[in-house]
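The block underneath contains the structure these notes are about, expressed in structure tokens.
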Amino acid sequence: MDLARSPLAIPFPDIPPIAGVTLRVARARYKEWDRADLTFVELAEGTSVAGVFTKNVCCSSEVELGRESVATGSARAIIVNAGNSNAFTGYRGREAVEQIMGQVAAHLDCDPKQVLVSSTGVIGVPLPKDKARVGVEAVLTAEPCGWEDGTHTIGTTDTFAKGAHASAMVGETRVEIGGIIKGSGMIAPDMATMLGYVFTDAAIEPTFLQTLLSDINTRTFSCITVDGDTSTSDTVLVCATGKAGHVRIASFDDPGADAFAAALEDVCRQLAQLVVRDGEGAQKFIAVTVTGAVSNDSARRVGLAIGNSPLVKTAIAGGDANWGRVVMAVGKAGEPADRDTLSIGFGGHWAARDGQPVADYEEAPVAKHLEGQEIDIAVDLGMGDGRATVWTCDLTHGYIDINADYRS
């Protein structure tokens, strides 16, 4: 399937090498295409790992085994295939994952639980173990590659490679954080988003790294939606090699912890937004900011109700400032709201305030705003101090075109 590059695409950033992280790619050909579809990331001994995974109860064996591996707090490798999600494949799918883990572990002389496997693509087709064995053998001995090559390789309906970078000072030591991600459709994570991997040379204690990721996830990966569908394979992993050489961070009381946490959140936010910018068929990037909620969590749920509404998304696609659809979405969210305190705006212009249309409301500047590619929707519930921002995209016929023939 040849897809045109998203008009919302952002050029791949210059991510510097991160000590203790080596990428390689190869062709496993799990799907009939002539491209690299297997990415292998080798991690230095002593690397800490944290992860968040899909809450979809029909998840893949990769997710189930990944949760067990993350619980150990240590990782030596990540291996990702595109073209076959290996989800809903029963014992055969699990055997294929365990075979891959064992093959990589033998190569690195490590515990198989230190090998994390991810798969993305068609659901319901067992990962062929013979192709897996040959593909893994090829990728283990391939030449090292750059971040962008590794990112292209894990894509499915993605139209551009997605990466992010930030740095932070831990005492006198500069640490680097780089991340890559894939995702375009079946995006409503409720934990993570499709497949995302973040790497740093910082030295972080695993339990603290998990605490950071779980917290940051609620404001980044769990605040995006393309179509309201949560994948069976969603995974985000953060790996800290410790090669920067500073004293290990174990809590916010340690020097540099705040700076590292802020940089990690920056990378995660960039990655999350990139997925929305590549939403299947997307032409507009939409930020929904909800204020005045009874809590931050309530604000996020209201924002997602708006971001998941086909009526809101199609109105934006058509440049229609139909704020009544936003009212509808707020009301159906199941969160505390009062029509008499509700305010709604677009692009810095209020259409309704305190439950009523603005007396001198002019639609022209709002219509002008909706002609652009970057759309802002503001909702104030007028009930408390809770706030959140959710990122989504418009809904166009392109989404139907892509998903109507996805398997072909």
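Observations on the model:
- Residue count, the stretch 234-245 (criterion: of a type in the set (S, T, N, Q) and surrounded by fewer than 24 Cβ atoms within 10 Å (Cβ to Cβ)): 1
- The residue pairs whose first member lies in the stretch 71-92 and is at pLDDT below 90, whose second member is of a type outside the set (A, V, I, L, M, F, W, C) and assigned to a helix (DSSP H, G or I), and whose beta carbons are closer than 6 Å, counting only pairs six or more residues apart or on different chains, are Asn86/Gly93.
- Some residue of the stretch 291-311 being at pLDDT 95 or above, closer than 21 Å to Gly183 by Cα, in contact with a Lys or Arg (Cβ under 8 Å, 6 or more places away or on another chain) and of a type in the set (A, V, I, L, M): yes
- Residue in the stretch 198-205 that is modelled with pLDDT under 95, under 13 Å from the mean Cα position of the chain (by Cα) and either under 23 Å from Asp234 (Cβ atoms) or in a helix (DSSP H, G or I) (or both) present: no
- The one condition in (1) crowded, with 23+ Cβ neighbours inside 10 Å; (2) over 18 Å from the mean Cα position of the chain (by Cα) that Gly146 fails to fulfil: (1)
- Where Cys110 falls short, out of the listed (1) modelled with pLDDT of 95 or more; (2) open to solvent by 20 Å² or more (accessible area, probe 1.4 Å); (3) assigned to a helix (DSSP H, G or I): (3)
- Set Tyr399, Tyr406: member being touching a Gly at 6+ places or on another chain (Cβ under 6 Å), open to solvent by 20 Å² or more (accessible area, probe 1.4 Å) and at pLDDT below 95: Tyr399
- For the stretch 32-64, taking the residues that are at pLDDT below 95 and polar (S, T, N, Q), the one that is surrounded by the most Cβ atoms within 10 Å (Cβ to Cβ) is identified as Ser60.
- Condition met for Arg76 (charged (D, E, K, R), closer than 23 Å to Thr230 by Cα and either under 21 Å from the mean Cα position of the chain (by Cα) or crowded, with 22+ Cβ neighbours inside 10 Å (or both)): no
- Number of residues in the stretch 210-233 that are out of contact with any helix residue (DSSP H, G or I) (no Cβ under 9 Å at 6 or more places or on another chain) and either open to solvent by 10 Å² or more (accessible area, probe 1.4 Å) or not in a loop (DSSP other than H, G, I, E, B) (or both): the value is 4.
For every residue, the table says whether it meets (1) in contact (Cβ under 8 Å) with a residue 40 or more places away in the chain; (2) touching an Asp or Glu at 6+ places or on another chain (Cβ under 6 Å); (3) of a type in the set (D, E, K, R).
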| position | (1), (2), (3) |
| --- | --- |
| Gly331 | no, no, no |
| Ala337 | yes, no, no |
| Asp360 | no, no, yes |
| Ala378 | yes, no, no |
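- Taking the stretch 246-304 as the range and being in a helix (DSSP H, G or I) and open to solvent by 50 Å² or more (accessible area, probe 1.4 Å) as the test, the residues that pass are Asp258, Ala262, Asp266, Arg269, Gln270, Asn296, Asp297, Arg301.
- Candidate set: the stretch 149-192, residues that are among the acidic types (Asp, Glu) and at pLDDT 95 or above; chosen: the one farthest from the chain's Cα centre (by Cα): Glu172
- Answer from Arg67, Arg29 - the residue that is open to solvent by 70 Å² or more (accessible area, probe 1.4 Å) and assigned to a loop (DSSP other than H, G, I, E, B): Arg29
- The residue that is most open to solvent (accessible area, probe 1.4 Å), among those in the stretch 151-175 that are charged (D, E, K, R) and farther than 19 Å from Thr220 by Cβ, is Glu172.
The values are calculated or read from the model by the stated rules, or taken from the named source; none is laboratory data. Since this is a predicted model, take the numbers as computed values, not measurements. For neighbour counting, all protein chains shown are included, and Cβ atoms are generated from backbone atoms with ideal geometry for every residue, glycine included. What goes into the accessible areas is simple: the full protein's heavy atoms, side chains included, and nothing from ligands, DNA or RNA. Shrake-Rupley method; radii C 1.70, N 1.55, O 1.52, S 1.80 Å.
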